[in-house]
Amino acid sequence: MDTHSIKVACSSCNLRELCLPMGLNPEEMDKLDQVISKRRRVKRGAALFNTGDRFTSLYAVRSGFFKTCVTTADGRDQVTGFQMTGEIIGLDGIVSDHHSCDAIALEDAEVCVMPFDQVEELSREFTTLQHHVHKIMSREIVRDHGVMLLLGSMRAEERLAAFLLNLAQRLHARGFSQSELILRMTREEIGSYLGMKLETVSRTFSRFADEGLIDIKQRYVHIRNTDGLRQIVNSPSCA
């Protein structure tokens, strides 16, 4: 893992609309630039942080893909989320000053380091940043509620369809195709996140392909029928 004291210059970063608040004046942006002054590179399979590590910073994903996971009582890894470019990792550490999950890079990645004590200090100084931090926290709560709904009331095909639609929407917001995806995570990791067995994930992918909803080849997915996937998610049948 590499930590570079390189000026990131948030003001000129093409991701600022995704991970930073709009409407900061030049003086405020310059102060934020001074806080977010380091990048960290994380190799594929390496941890950005681990459960129990002291919480010091939030991390904005500049490139690459991460998964967060916890270890269950019986020693299994449970995937709790997938984070991509422009998203913030590390909020789990705020409550206890220690991280409660592992953040693992699914491919070579780079993050911007945001020391939380300095972010807090700046948040008190200008409300636009404070409001944005609150929005990020709220979004995580809403996402957690969505996962609870996914695991609590949806059938296997609804879970996988919702997962693909959400992933496509998030990637499209970052300028990627709405219909073509490269899955950075394995089917086993998808199953862990969705509460499905590996065999069920593979079987459901095959069913979607047979029904003409998607084309799939290893980790490449082409969504051929977005409305068809939406109909599965919105199906009134839960039998």
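The values are calculated or read from the model by the stated rules, or taken from the named source; none is laboratory data. Computed from a prediction, not measured in an experiment: that's the story for all the values here. We place every Cβ from the backbone using ideal geometry, glycine too, and count neighbours over all the protein chains shown. Only protein heavy atoms, including side chains, enter the accessible area calculation; ligands, DNA and RNA are left aside. Shrake-Rupley method; radii C 1.70, N 1.55, O 1.52, S 1.80 Å.
Structure values in brief
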quantity: Any chance Ala239 is at pLDDT 95 or above, small (Gly, Ala, Ser) and either open to solvent by less than 90 Å² (accessible area, probe 1.4 Å) or assigned to a loop (DSSP other than H, G, I, E, B) (or both); calculated: no
quantity: Tally of residues being exposed (fewer than 15 other Cβ atoms within 10 Å of the Cβ) and of a type outside the set (Gly, Ala, Ser) across the stretch 23-42; calculated: 5
quantity: Only one of Ile94, Ile136 that is open to solvent by 40 Å² or more (accessible area, probe 1.4 Å) and out of contact with any Lys or Arg (no Cβ under 9 Å at 6 or more places or on another chain); calculated: Ile94
quantity: Gly45 being out of contact with any helix residue (DSSP H, G or I) (no Cβ under 8 Å at 6 or more places or on another chain), among the small types (Gly, Ala, Ser) and buried (at least 16 other Cβ atoms within 10 Å of the Cβ); calculated: no
quantity: Tabulated pairs, the stretch 186-205, first touching a residue at least 12 places away in the same chain (Cβ under 8 Å), second open to solvent by less than 30 Å² (accessible area, probe 1.4 Å) and outside any helix (DSSP H, G or I), C-beta under 6 angstrom, 6+ apart or interchain; calculated: Glu189/Val79; Ser192/Val79; Tyr193/Val79
quantity: Selected residue [free of Cβ contacts under 8 Å to residues at least 12 places away in the same chain and at positive phi] from Gly75, Gly86; calculated: Gly75
quantity: Qualifying residue in the stretch 116-126 (condition: more than 14 Å from the chain's Cα centre (by Cα), part of a loop (DSSP other than H, G, I, E, B), farther than 25 Å from Ser179 by Cα and polar (S, T, N, Q)); calculated: no
quantity: Scope the stretch 80-115; condition outside any helix (DSSP H, G or I), over 11 Å from the mean Cα position of the chain (by Cα) and of a type in the set (Asp, Glu); matching residues; calculated: Asp97, Asp102, Glu107, Asp108, Glu110
quantity: Among the residues listed as Val133, Val119, the single one being out of contact with any Phe, Trp or Tyr (no Cβ under 6 Å at 6 or more places or on another chain), among the β-branched types (Val, Ile, Thr) and at pLDDT 80 or above; calculated: Val119
quantity: Pick from the stretch 60-76, criterion more than 10 Å from Glu87 (Cα to Cα) and aliphatic (A, V, I, L, M), ranking: modelled with the lowest pLDDT; calculated: Ala73
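Residues checked against (1) within 21 Å of the chain's Cα centre (by Cα); (2) open to solvent by 90 Å² or more (accessible area, probe 1.4 Å); (3) of a type in the set (Phe, Trp, Tyr); (4) under 18 Å from Val79 (Cα atoms):
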{"residue": "Leu160", "(1), (2), (3), (4)": "yes, no, no, yes"}
{"residue": "Phe163", "(1), (2), (3), (4)": "yes, no, yes, yes"}
{"residue": "Ser177", "(1), (2), (3), (4)": "yes, no, no, no"}
{"residue": "Ile182", "(1), (2), (3), (4)": "yes, no, no, no"}
{"residue": "Arg187", "(1), (2), (3), (4)": "yes, no, no, yes"}
{"residue": "Tyr193", "(1), (2), (3), (4)": "yes, no, yes, yes"}
{"residue": "His222", "(1), (2), (3), (4)": "yes, no, no, no"}
{"residue": "Gln231", "(1), (2), (3), (4)": "no, yes, no, no"}
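Yes/no per residue for (1) in contact with a Lys or Arg (Cβ under 6 Å, 6 or more places away or on another chain); (2) open to solvent by 20 Å² or more (accessible area, probe 1.4 Å); (3) at pLDDT 90 or above; (4) of a type in the set (Asp, Glu):
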residue: Thr85; (1), (2), (3), (4): yes, yes, no, no
residue: Cys112; (1), (2), (3), (4): yes, no, no, no
residue: Thr128; (1), (2), (3), (4): no, yes, no, no
residue: Ser153; (1), (2), (3), (4): no, yes, no, no
